[in-house]
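J.: Below you will find the structure I want to go over with you.
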Amino acid sequence: MKHTIRIMMLVAVALFVLLPDMTYAQLDAAAIARAQRRGEDVSLGGANPFAQNSEGEDGEQGDSTKTKRIRKPLESYYFSDSIRALRNFKWHVSRQMNDVEILPLDTTLANWRIDYPYQLKGVGDMTLGGLGQSTLPFNYFDRSQNPDFKFAQSYDAYTYRMDNVPFYNSKTPFLNFTYLESGQKRYKEEHFEITAAHNVSPTTSFNVNYKARGTKGLYDWQRTTNHNLSVAAAHTGKRYSVHAAFINNRITQRENGGVVGVWAVADTTYEHPSGVPMKLAGAKANNSYRNNSVFIKQAYAIPLQRVTDYDFSLADLSTIYVGHIFEYNTWNKLYTDVYDEYTNERGEINDKGEYIPTKGVYYKNWYISPTESRDSIRERVISNRLFVEAQPWDRNGAVGRLGGGVGVDMYAYTQFQLDDYVSGKYDVDKKTAWYAYGAVSGKVRQFADWGANVKYYPAGYRSGDFNLNAHIALTAKFRGRPVVLRGEFSQLQQSASYWEENLFSNHYVWFNSFDKENETRFKVSLEIPSRALEFSAWQGVVSNKIYYDASSQVMQESEAISLTSLYARKDFRIGGLHLDHRVLLQWSTNQEVIPVPLCSAFLSYYYEFWVEKKKVLRMQIGIDGRFNTKYYAPSYNPALAAFYNQRDHQLGNYPYLDAFVTAKWKRMRIFLKYQHVNNGLLGNDEYFTVAGYPQNPGMFKMGISWSFYD
C-alpha cells in the first residue's frame with residue numbers, strides 16, 4: 001500500500017504542476033445584461049468570475065481590430081443558477097436517463113469523525129469488524145436489490161460503480177489528501193485517499209479518485225485490503241454532454257470464519273486479540289476480487305425553439321434529448337483454502353459441569369478436492385441503452401421531462417465444472433436480456449416535485465422481470481421554515497441471480513429453479529431541515545424471498561413476509577452542545593427468513609466551539625454510541641461471500657462507544673479517536689453485530705484531511 005500511495009501522490013503533484021492554470025473562461029457582459037433585462041437570474045455568486053471587459057485596464061476602449069474569442073461559462077441544463085454559483089460541486093449520473101444527482105463537497109467537520117463509510121447512512125451496517133470488510137445494512141430497506149454479482153454486494157460501501165462515480169466542477173483546481181491510521185503497526189487499520197479534480201473549461205472536467213483502505217487485523221487471519229480507483233471525465237455543454245469513467249476495484253480478504261465460540265470473546269481474556277481462536281485461521285482461507293468497468297454516457301439536445309444569445313441554457317426551452325449509454329463491467333472472484341480442523345475448548349459440558357474440547361471442520365462438503373479449494377468464478381456484463389427524452393416546456397415545469405429507452409444486457413458467466421477436467425478449459429454460459437424503460441417527472445414551482453419510472457423485460461434472460469418506482473415531494477413553509485413531505489412507492493418482480501441458481505464449487509453445489517421474487521414497498525417521510533428533524537416509515541411485503549438458511553444453502557420462502565421500519569432523526573443544539581439521535585425500529589413477520597433487530601440506534605453527543613476569537617480553529621469533543629437489541633443476527637459464509645441466517649445464538653444489547661476530538665484549521669481537518677472506549681466496562685462483552693465476528697476492541701485512531709483549491 002505504501003508504494004501505491006507514493007505513486008498516487010507523484011501523479012497528483014504532476015497533474016497540478018505540469019498542467020497550466022486553466023481557470024474558467026469569460027462570459028459576454030452584454031449577454032448577461034440582456035438576460036437580466038428579461039428578469040432571469042444569472043447570478044453566479046457575487047462578482048461574475050466569467051465577465052470579460054471590452055475595455056482596457058484603465059477603462060479606455062480596446063483595439064477593435066483585434067477579435068477575441070469569447071469563451072462561455074457553464075451553460076449546462078443539468079445545473080441551476082444556485083448550483084453554478086458554487087465554487088466547487090460534484091455529481092453522480094443516472095444509469096438510465098438523462099439526469100444527474102448534485103452533491104456538495106464534504107470538507108466540513110460534520111461526520112468527519114465517522115471513518116467507516118458504512119456508518120454514515122441511518123444507523124449504519126452490521127460488519128465483520130475491520131475496515132474494508134463485508135457489511136450489511138441494519139435497515140432492510142437499505143439493502144441492495146441489484147441481482148448482478150451478489151458476491152461483491154457486501155462491499156458496496158467501498159466500491160465504485162457507475163451510479164456513484166463522482167464528477168466535479170471546480171472554478172479552481174481541487175486536490176484533497178486524506179490519511180487515517182490506528183493501532184500498532186503490526187495490526188493497524190489504514191485509510192489513504194486522494195482526489196484530484198481539474199476543469200479544462202467551464203464545461204469540461206476530469207478527475208481521479210483513489211482510495212486504499214484496509215486492516216492488518218487485530219484478530220488472527222483478518223488482513224483485508226481494499227483498493228478503489230475511478231478516472232472520470234465529463235463535458236456538460238449547452239447541447240452535447242458526455243460522461244465517461246474507468247473503474248477498478250480490487251479486494252483481498254483473509255477469511256478467518258469467526259470465533260470458535262462466543263466464550264472466546266465474552267468470557268475469556270487474551271493478552272492480545274490475535275490470540276482469540278478462529279475457525280478458519282489454520283485453513284488459510286482467502287477471497288480476492290477483481291473488478292474493471294468502463295462506461296460512456298452521451299446525450300445531445302435538439303431544441304424545438306430558436307436558441308438566441310439571451311438563452312443561458314436549454315433548461316427553459318422545449319427540447320428533445322437523444323442519448324446512448326454503454327457499460328462494460330466484469331467481476332472475478334477467487335476463493336482458496338486448505339483442509340484444517342479447529343478446536344473448541346468449550347465445545348461440550350459433561351455431567352460434572354466441566355468443559356470438554358471438541359474438534360470441528362468449517363465446511364462439511366469437499367466435492368472437488370478433499371485437501372484444498374480453489375474456486376474461481378467470473379461474471380461479465382456488456383450493456384447498451386438508447387433513450388429519448390422530451391422536455392415539453394422547461395426542465396422544471398409541471399411536466400418537466402418524459403421519455404424512455406430500450407436496452408440490451410449481454411451476460412457471460414464462467415465457473416469450474418467437472419466436465420472441465422476433460423475439456424481442459426472453462427465453459428462460458430452466455431445470456432441476453434432485452435428491456436424497455438420509461439420515466440416522467442416534473443415540478444410545480446417550489447411546492448411539488450414528482451416522478452415515476454418503469455422497466456420491463458419482455459424477452460430473453462430475465463423475461464417478465466418488472467420494476468416500477470414513483471415518488472412525490474410536497475414542500476410547504478411553517479413559520480417561514482420549509483417542511484417537506486415525501487412519498488415513495490415501488491413494485492419489483494425479479495428473477496433470481498445466476499449464482500443463486502447455478503453454482504459448482506468445492507464446498508457448495510446447487511442447480512435451482514426459483515420463482516420470481518415479488519416485493520411491494522411504501523415509504524413516507526417528513527423532513528424539517530431547519531430543525532434537523534426527520535421521520536420515515538417503510539412498509540414492505542415480499543413473497544418468494546430468496547435467502548441463505550442456517551446451513552448456508554440457498555432457499556426460497558413462498559409465503560408472503562411483511563416488514564415494517566420506523567426511523568427518526570432529531571439533532572438538538574444548545575449553544576455549542578450537539579445531541580444527535582438516530583433510531584430505527586423494525587418488525588419482520590418471519591424472523592427465520594428476514595431477521596431484523598427490533599431497535600437499532602446511533603447517538604452522538606459532542607461540544608463544538610471556536611478555539612480563538614479569530615475563528616480560525618474550530619473543534620468538536622464528544623462521544624458516539626451504537627446499539628441494537630438482541631436477535632438472531634446473521635452470520636457470514638466466506639466461500640459464498642454471503643450472510644446467512646443462523647439460529648444458534650442471539651446477539652445485541654451491547655453499547656459500542658467511541659470518544660473523539662476533531663478540529664478544522666482553515667482547509668485542514670484532523671481527528672483523534674479512541675474506538676470502543678467502553679471495552680470491558682459496559683455491556684455483556686458480546687460485542688458482535690454479525691454472529692461469530694467480533695468488533696474491534698479498544699483502539700486509538702488519528703487522521704488528517706487537507707484540501708487545496710489552487
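J.: Checking the structure you have, find out if any residue of segment 588-595 is modelled with pLDDT of 95 or more, part of a strand (DSSP E or B) and not acidic (Asp, Glu). Let's see the steps before the verdict.
T.: We begin by selecting, within segment 588-595, every residue modelled with pLDDT of 95 or more; these are 588-595.
Checking the rest, the ones that are also part of a strand (DSSP E or B) come to 588.
Those still in the list that are not acidic (Asp, Glu) too: 588.
Among the residues of segment 588-595, at least one is modelled with pLDDT of 95 or more, part of a strand (DSSP E or B) and not acidic (Asp, Glu), which makes the answer yes.
J.: With the requirement that a residue be in a loop (DSSP other than H, G, I, E, B), in contact with a strand residue (DSSP E or B) (Cβ under 9 Å, 6 or more places away or on another chain) and among the small types (Gly, Ala, Ser), what does segment 677-700 give you?
T.: Within segment 677-700, GLY683, GLY692, GLY698 meet the criteria.
J.: Search segment 119-136 for residues being over 16 Å from ASN628 (Cα atoms) and in contact (Cβ under 8 Å) with a residue 24 or more places away in the chain, and hand back the single one that is surrounded by the most Cβ atoms within 10 Å (Cβ to Cβ). Reasoning before the result, please.
T.: Within segment 119-136, the first condition is being over 16 Å from ASN628 (Cα atoms), and the residues that meet it are 120, 130-134.
Narrowing the set further to residues that are in contact (Cβ under 8 Å) with a residue 24 or more places away in the chain leaves 130-134.
On the way: GLY130: 25, LEU131: 23, GLY132: 28, GLN133: 25, SER134: 30.
It comes out as SER134.
J.: Quick test of your reading of the structure: THR159 fulfils all but one of (1) outside any loop (DSSP other than H, G, I, E, B); (2) within 14 Å of the chain's Cα centre (by Cα); (3) touching a residue at least 60 places away in the same chain (Cβ under 8 Å). Name the failing condition by number.
T.: (1)
J.: Could you tell me whether any residue of segment 539-558 is outside any helix (DSSP H, G or I), surrounded by 15 or more Cβ atoms within 10 Å (Cβ to Cβ), free of Cβ contacts under 8 Å to residues at least 60 places away in the same chain and among the acidic types (Asp, Glu)?
T.: yes
J.: For segment 259-300, name all the residues that are touching a Lys or Arg at 6+ places or on another chain (Cβ under 9 Å) and among the basic types (Lys, Arg).
T.: LYS284, ARG290, LYS297
J.: Output the qualifying pairs, or none if there are none: Cβ atoms under 8 angstrom, residues six or more apart or on different chains, first residue in segment 576-595 and under 19 Å from TYR644 (Cβ atoms), second residue part of a loop (DSSP other than H, G, I, E, B) and of a type in the set (Gly, Ala, Ser).
T.: Partner pairs satisfying both residue conditions: PRO595/ALA633.
J.: Let me ask something additional. Of the conditions (1) surrounded by fewer than 23 Cβ atoms within 10 Å (Cβ to Cβ); (2) of a type in the set (A, V, I, L, M); (3) closer than 26 Å to TRP706 by Cβ, ALA197 fails just one. Which one is it?
T.: For ALA197, the failing item is (1).
Results for (1) more than 30 Å from LYS171 (Cα to Cα); (2) surrounded by fewer than 18 Cβ atoms within 10 Å (Cβ to Cβ); (3) under 27 Å from the mean Cα position of the chain (by Cα), shown as yes or no for each residue.
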| site | (1), (2), (3) |
| --- | --- |
| LEU640 | yes, no, yes |
| ASP658 | yes, no, yes |
| ALA663 | no, yes, yes |
| SER705 | no, no, yes |
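J.: Something else about it: Looking for whichever is in contact with a strand residue (DSSP E or B) (Cβ under 8 Å, 6 or more places away or on another chain) and surrounded by 18 or more Cβ atoms within 10 Å (Cβ to Cβ) here; the options are GLY442, GLY360. Which one fits? Give the derivation first.
T.: On the way: GLY360 fails: surrounded by 18 or more Cβ atoms within 10 Å (Cβ to Cβ).
Exactly one of GLY442, GLY360 is in contact with a strand residue (DSSP E or B) (Cβ under 8 Å, 6 or more places away or on another chain) and surrounded by 18 or more Cβ atoms within 10 Å (Cβ to Cβ), namely GLY442.
J.: Tell me which residues, restricted to segment 248-288, are assigned to a strand (DSSP E or B) and either among the charged types (D, E, K, R) or surrounded by fewer than 21 Cβ atoms within 10 Å (Cβ to Cβ) (or both).
T.: Initially, segment 248-288 is screened for residues assigned to a strand (DSSP E or B), giving 248-255, 259, 278, 285-288.
Listed by number, the residues that qualify are ASN248, ARG250, THR252, ARG254, GLU255, ASN286, SER288.
J.: Something else about it: With the structure loaded, tell me whether TYR654 is out of contact with any strand residue (DSSP E or B) (no Cβ under 6 Å at 6 or more places or on another chain), more than 30 Å from LEU503 (Cα to Cα) and crowded, with 20+ Cβ neighbours inside 10 Å or whether it fails that test.
T.: Yes, satisfied.
J.: Something else: If you go through segment 597-616 one residue at a time, do you hit one that is more than 29 Å from SER154 (Cβ to Cβ) and within 26 Å of the chain's Cα centre (by Cα)? Full working, then the answer.
T.: Kept after step one, since they are more than 29 Å from SER154 (Cβ to Cβ), are these residues of segment 597-616: 605-616.
Narrowing the set further to residues that are within 26 Å of the chain's Cα centre (by Cα) leaves 605.
Scanning segment 597-616, I find at least one residue that is more than 29 Å from SER154 (Cβ to Cβ) and within 26 Å of the chain's Cα centre (by Cα), so the answer is yes.
J.: Moving on to the next point. Of (1) more than 28 Å from VAL381 (Cβ to Cβ); (2) in contact with a Lys or Arg (Cβ under 6 Å, 6 or more places away or on another chain); (3) modelled with pLDDT of 90 or more, THR336 satisfies all except one. Which?
T.: It is condition (1) that THR336 fails.
J.: What tally of residues in segment 599-651 results from selecting those that are part of a strand (DSSP E or B), over 30 Å from ASN286 (Cα atoms) and of a type in the set (Ser, Thr, Tyr)?
T.: 5
The values are calculated or read from the model by the stated rules, or taken from the named source; none is laboratory data. Being a predicted model, the structure only gives us computed values, none of them experimental. Here the Cβ is made from the backbone with ideal geometry for all residues, glycine too, and neighbour counts use every protein chain on show.
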